[in-house]
Amino acid sequence: MSALLHKNKDKRDILMWVPVAISDHVTADKPLGVSVGDQGLVLFRDKSSRICVLEDRCPHRRVPLSLGKIIDGNLRCAYHGWTFEGHGGQCVKIPNLAASERLSPKLRADAFIPYEKNGFVYLLTASSSTERDVSVKLTPPDLLIMNPDLAGAQQQSGRAVISCSVDTYLRALLDGPHLLLSLGGVCITDFFLGDVMRKTHELQLDRTAIWSHKAKPHERKWGVSTLVMRTEVYQDQSSARVQLLDVGERPLVNILLAVVAGKRNTVQINWRCSWLKNYAAIAPWFVRWRISGGHCPLQLNDKIDGSALADLLPGPSVHLLKNDSLKVDVHKKKEPKRVCSTPPTATEESRI
Ligand code: FES
């Protein structure tokens with residue numbers, strides 16, 4: 001994953017959309033520092049609320065720009081006060097510069113191309129002008145889209161950093177989701193409802209779940225289906241969706257997970273969770289009580305039990321592809337199947 005935003009030695013980029021942040025977390029008040037692999041990035045909004053993404057490193061003395069301040073839609077470095085605009089990374093102000101001195105166009109931070117969709121901020125790898133021409137024709141696919149049935153649902157979002165790799169996380173999500181997350185009042189079982197289904201972009205797996213206060217030990221193991229947990233893993237988009245459905249397959253809870261490699265072999269999870277009134281209506285009383293107090297029913301484990309993870313038997317995850325086969329090199333071979341073919345609308349294009 002660390003290769004995503006780094007140019008190769010022969011100046012070619014690997015092209016892939018990566019969901020790096022939740023839209024609502026990027027504001028015009030405070031810069032947000034994130035990382036993709038070893039590449040540090042800083043996100044903020046300019047005066048017109050467009051998202052800007054720069055390398056999180058001041059070109060002057062390498063101080064992280066995420067420590068700086070947003071002044072009039074530009075980002076001011078915390079150390080010597082150089083100020084950068086967010087779309088090309090050009091330095092627009094150096095304190096104490098004489099009136100006769102001009103700012104060189106070479107003074108710029110590396111800028112990246114953001115794309116806001118479905119409540120997430122996606123990033124494309126290219127940063128040179130030639131590659132921008134390629135990238136603006138592409139849009140992120142509609143993978144992390146909310147189920148339209150969930151309109152009007154309550155929502156919460158958050159971010160967690162976990163010590164494991166993206167591949168390990170996505171595989172564990174299929175083989176043992178109980179190690180990674182818990183849903184209020186729900187006991188996730190090991191009982192699968194049918195085989196793994198491979199769709200265009202994702203693997204889908206249904207397993208049973210039961211209300212935990214009703215679960216007897218043998219039911220926890222083998223499942224007595226009162227609920228369905230549907231897991232969809234979009235490995236080539238580093239993301240997943242987990243849905244809790246009732247027996248009639250009507251949605252109760254919808255969880256979107258953007259899983260991106262972070263620094264030092266960690267993984268960053270940006271999540272959005274929506275829950276419907278049906279969930280609150282049929283959940284046990286203690287869950288209803290928590291929800292009414294503003295608590296989210298989702299709990300993402302930020303400390304994974306290493307020995308339990310190691311003991312997980314390889315199950316549905318054996319159907320996942322090896323990560324290497326999912327990288328797309330636009331210069332080498334164009335694979336239209338791997339990118340969304342929908343051209344951006346005028347509004348979308350203006351955001352790029
Ligand atoms: S290190 Fe950023 S302005 Fe000097």
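The values are calculated or read from the model by the stated rules, or taken from the named source; none is laboratory data. Fair warning: this is a prediction, and the values are worked out from it, not measured in the lab. Every residue, glycine among them, receives a Cβ derived from its backbone with ideal geometry; neighbour counts consider all protein chains shown.
Quick notes on this one:
- Failed item in (1) part of a strand (DSSP E or B); (2) surrounded by 19 or more Cβ atoms within 10 Å (Cβ to Cβ); (3) small (Gly, Ala, Ser), with Ala172 passing the rest: (1)
- Residue within the range 214-223 that is surrounded by 15 or more Cβ atoms within 10 Å (Cβ to Cβ) and modelled with pLDDT of 85 or more present: no
- Counting only residues that are loosely packed, with under 15 Cβ neighbours inside 10 Å and either away from the ligand (no atom under 12 Å from the Cβ) or under 22 Å from Leu124 (Cβ atoms) (or both), the range 47-61 holds 3 of them.
- Within the range 261-292, considering residues that are in a loop (DSSP other than H, G, I, E, B) and under 16 Å from the mean Cα position of the chain (by Cα), the one nearest to Lys117 (Cα to Cα): Gly262
- Residues that are at pLDDT 50 or above and in contact with a helix residue (DSSP H, G or I) (Cβ under 9 Å, 6 or more places away or on another chain), drawn from the range 1-29: Leu15, Met16, Trp17, Val18, Pro19
- Taken over the range 127-177, the criterion of being over 16 Å from the mean Cα position of the chain (by Cα), closer than 18 Å to Asn254 by Cβ and at pLDDT below 60 is satisfied by Asn147, Pro148, Asp149.
- Contacts under 8 angstrom Cβ, first residue in the range 29-54 being closer than 15 Å to Gln268 by Cβ, partner acidic (Asp, Glu) and in a strand (DSSP E or B), 6 or more apart: Gln39/Glu55; Gly40/Glu55; Leu41/Glu55; Val42/Glu55
- Subset of the range 34-46 that is closer than 19 Å to Asp72 by Cα and either away from the ligand (no atom under 13 Å from the Cβ) or in the same structural domain as Ser157 (by TED's automatic domain parsing) (or both) - its residue that is surrounded by the fewest Cβ atoms within 10 Å (Cβ to Cβ): Asp46
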